[in-house]
1. Could you grab me the full set of residues in the range 97-126 that are among the charged types (D, E, K, R) and surrounded by 15 or more Cβ atoms within 10 Å (Cβ to Cβ)?
2. Considering the range 56-96 alone, what residues qualify as being of a type in the set (D, E, K, R), surrounded by 14 or more Cβ atoms within 10 Å (Cβ to Cβ) and closer than 23 Å to Cys152 by Cα?
3. Can you tell me which residue is nearest to the chain's Cα centre (by Cα) among those in the range 142-165 that are modelled with pLDDT of 85 or more and not in a strand (DSSP E or B)?
Amino acid sequence: MLPGNLKQTGAKFVAAVCALLVASCAVSPEAQQKQKEQQMEQLITSAVQHMLDRNPETIQDSMDYLSHSEMTPDIFEKLQSEHLLPETDISILRLKQDAASKHTSNSIVVSTVRALDPLTKQLVRFKVIGKQIMKQDGKPIGDSVFQYTITCKIADPSTGDPLITDLVSDTPTATAQADNKAPVHKKRRR
C-alpha cells in the first residue's frame, strides 16, 4: 500500500499526463484551417480531373464519382446541358469507342487551386488553373489551358462533406479572344 502523499502525488502525475495527452490531441484553429484547405483542394482537383477525363478506361468511373460524390445534381445537369459533360451513358460509350479506335486519351494537371473567399463562409469560390494534355498512343499531341471559378458548399447538410455547387469557365474562347483585339477600322469610300 502506498502512503497518502505518494498516492496524491501519483494521482496528480496521472492527471497531469492525461491533461497533457488531451491538450496534445486537440487540434488548433490553424491546423483545422489547414486541414479544411487541403480537403477543399483535394475535392476540387479530383472533380476537375474527373470532369475533363476522356480516357476510355476511366471515363465511366470518373462520371459516376463526379455525379455521386463531388457535385450537386443541379450543377452536374447544368454542365451536361452546356455539353461540358457527356449527357447520357450512350454519350460516354461513344466517347470511349471513339477514343479507343483513335488510340486517344488525356491527362489533367491542376496547377493552382486558390480560395477567393474565406473558408469560414458556407459557400466559397475557388480559382482553378491547369492544363489538359491530349495524347495519342500514349504520347502528347497537344495541350490546352483551363481556368475555372468553382463554388463549393463547405459542408453538405446531408453528408457533412463539401460539394461543388457551381462552375464557370474563365478560359477565353477563340471568339472572346478575337473580340478583345483592337477593332479594325476600314476606310470609308467616298
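The values are calculated or read from the model by the stated rules, or taken from the named source; none is laboratory data. Nothing here was measured: the structure is a model prediction, and the numbers come from that model. Ideal geometry is used to build each Cβ from the backbone, glycine not excepted, and the neighbour counts take in all protein chains shown.
1. Result: Arg125, single match.
2. Glu70, Glu77, Lys78
3. Pro162
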